[in-house]
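**Q** The structure that follows is given in the form of structure tokens.
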Amino acid sequence: MGLIGLLDRRRARSVPADALDRKIEPIVFLFRHEGLIDATPPANSLMAALPGNNDWHRLIAWLAMRLPDAGPALLNLGQDGRVELTGGDEAGSARLRVLAEDLGNGLVRVTLADPSAENAGIVVDSLSLAAMEQELEILRSTMDHSPMLAWRQDAAGQVTWANSAYLQLTDAVLDRQSGWPLPPLINLNARPTQGAASASSRRVQIQHDGHVRWYDCHTHEVTGQTVAIALPADAAVRAERSLREFVQTLTKTFADLPIGLAIFDRDRNLQLFNPALIDLTGLATGFLTARPTLYAFLDRLREGRMVPEPKDYRTWRNQMNTLEAAASTGHHVEMWSLPGGQTYRVTGRPHPDGAVAFLFEDITSEISLTRKFRADLSLGAEVLDALEDAVAVFDANGELLMSNRRYKILWDGIDGLTLDDQIAHWAKTSGESPGLASLRDALHTARPQDGLHGAMAAPAGGLLAWHLRALSGGRAMLSFQAPVPASAPATRDTAAGQIRPKGDARALTG
């Protein structure tokens, strides 16, 4: 064991000292009139990774992101002759020291160093270095190709870092290539707008080229600096504006409707109503704006005697439950006859997401008009039935519209509703005669002449006088007078094809 230790110590003394003490090359730039004329290999590697065209401005921009005072100090180097800056306590800047020297004749030397590693050598294996470089390239490429704006700013509001989208927008807004320090495009100290989701987010706008761009800005604090992410929100703003205009249009439309509207959400709280609901129900505006529940709404209607009054409260409650269930599952209509003599039509319709809408319509005048119309029809039917003549009315297409009781008794019921069915029934009941042929011809004319009359054989024998009158719309009214007994002598006018009884002073020919 002692021999092995002696050999190891000899091998360690035989290794050259410079093989372990790897020399760390400094990062030094030499400029002449803002043009890079010489640099150490690490400085060339750093300059190759910086974006831009002018070497001097590229280096100043890179330094300004890490040392906010580096930009103005290097630009005023001709006055001071020598500038030395050291990073503060912020992350990423504590290990950087900048020494700029004016050498005369337009020559400027810039030296970058890490104060904590000037006298120490750090050895990193190639695999770890390659992994870090790959991850750095992925992060840099991701941020540069992202459409969102990303930047960092210090407590004084100076932008210390920004991605490519922020730089491009800054160049477009300023209409020139931006330099460091970058101007802040968004005021992070402004109060959040109504579209903000929380205190750390806000909706902001940036005007450019006559257009307004909207962004949802999110911020968080990292080591004394503010990291801000601004997501494009133009589509969301347009959608919200369209929705707001649509709601305003609906509100104006609902306000002009004579029908009361009440929309309840899935929890059965009132969410929307129109002024007509107040006029129809008499409910207070304050009560409706407090978003009452459906059952509180119906209870208040019951207190105001604006619902049908049942025998007991339990029956009324069951009826309201049935109404709510039917309205939430499908179209449901009820007629409410109110104690005050009014009649309301209540319609329930389901809405998306479990909501339900109720429409209240005052149909008192409609019901009164319907009742009056039905009364008039009943009166007209009674008048027709009271006539001694048998009366039937046909439309222009030959359909039987109405007839009185005398007509049904005369012809022993009605076999069909068309004119041809009626004529066939007349011929079957009373037989064919010249008078029936004349009546058939008169009824089949396109426009019957008013005042045509004649006579035909009656069903029970004898003569039956008929009279045809033209009505509006191509309709015709046919009346049959009481039959003349068959014993009365009669003459036949063969030329006219119509029959006239003897001794009758009234002409029956057309």
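**Q** Amide H of LEU471 versus every other amide H placed in the peptide plane: which residues, excluding those fewer than 5 positions away on the same chain, fall under 5 Å?
**A** When sequence neighbours closer than 5 places are left aside, the close amide H contacts are ALA476, MET477.
**Q** Let me ask something additional. Sort the following peptides by mean Cβ neighbour count (other Cβ atoms within 10 Å, averaged over residues), highest first: 253-262, 454-463. Mind dumping the intermediate values first?
**A** On the way: 253-262: 15.0, 454-463: 20.6.
Ranked from most to least packed, the peptides come out as 454-463, 253-262.
**Q** Return the carbon/sulfur percentage of the accessible area of the range 257-367, one whole number, probe 1.4 Å, all protein chains in place.
**A** Answer for the range 257-367 is 52 percent, counting heavy atoms of protein chains only.
**Q** Could you tell me the calculated FRET efficiency between MET132 and ARG241, based on Cβ-Cβ distance and R0 = 45 angstrom, to the nearest 0.05?
**A** 0.45
**Q** In the range 330-485, what is the volume of the convex hull around the alpha carbon atoms, normalised per residue and reported in Å³?
**A** So the per-residue Cα hull volume is 171 Å³.
**Q** Considering only protein heavy atoms, what per residue accessible area in square angstrom results for the range 387-480 with a 1.4 angstrom probe?
**A** 49 Å²
**Q** Still on this structure: So what does MET132 come to for accessible area, using a 1.4 Å probe and Å² rounded to 10?
**A** Accessible area of MET132: about 110 Å².
**Q** What accessible area per residue, rounded to a whole number of Å², is obtained for the range 257-367 using a probe radius of 1.4 Å?
**A** Value returned for the range 257-367: 51 Å² of accessible area per residue.
**Q** Let me ask something additional. Give me the distance in nm between label points sitting 7 Å out from Cα along the Cα-to-Cβ direction at ALA424 and ILE37, one decimal.
**A** It is 12.3 nm.
**Q** For a protection proxy built on the mean count of beta-carbon atoms within 10 angstrom, sort 221-228, 474-481 highest first, please.
**A** Sorting 221-228, 474-481 by mean packing, highest first, produces 474-481, 221-228.
**Q** Report the FRET efficiency, 1/(1 + (r/R0)^6), for ALA470 and THR253, where r is their Cβ-Cβ distance and R0 is 45 Å, rounded to 0.05.
**A** For R0 = 45 Å, the calculated efficiency reads 0.40.
**Q** Straight-line reach only, C-alpha to C-alpha below 16 angstrom: list the aspartates and glutamates that LYS372 could link to, leaving out same-chain residues fewer than 8 apart.
**A** The reachable aspartates and glutamates, counting only those whose Cα sits under 16 Å from LYS372, are GLU382.
**Q** Also, quick follow-up: Note down the relative contact order for the range 257-367 as a percent, whole number, built from C-alpha pairs under 8 angstrom at least six residues apart. The partial results should precede the final answer.
**A** Values: 191 pairs, mean separation 31.4, N = 111.
In percent, rounded to a whole number, it is 28.
**Q** Also, I was wondering about something else. Within the range 387-480, what whole-number % of the accessible surface is contributed by carbon and sulfur, with the 1.4 Å probe and all protein chains included in the calculation?
**A** 52 percent
**Q** Same structure again: With r as the distance between the Cβ atoms of SER45 and ALA156 and R0 = 22 Å, compute the FRET efficiency 1/(1 + (r/R0)^6) and round to 0.05.
**A** 0.10
**Q** For the pair THR347/ILE409, report the inter-label distance in nm, with labels modelled 7 Å from Cα in the Cβ direction.
**A** About 4.7 nm, to one decimal.
**Q** Continuing with the same structure: What's the center-to-center distance, using Cα atoms, between the range 333-387 and the range 289-326 in Å?
**A** 21 Å
The values are calculated or read from the model by the stated rules, or taken from the named source; none is laboratory data. Not measured: the values here are computed from a predicted model. Every residue, glycine as well, gets a Cβ built from its backbone with ideal geometry; the counts of neighbours run over all protein chains shown. Ligands, DNA and RNA are excluded from the accessible area calculation, which covers all protein heavy atoms including side chains. Shrake-Rupley method; radii C 1.70, N 1.55, O 1.52, S 1.80 Å.
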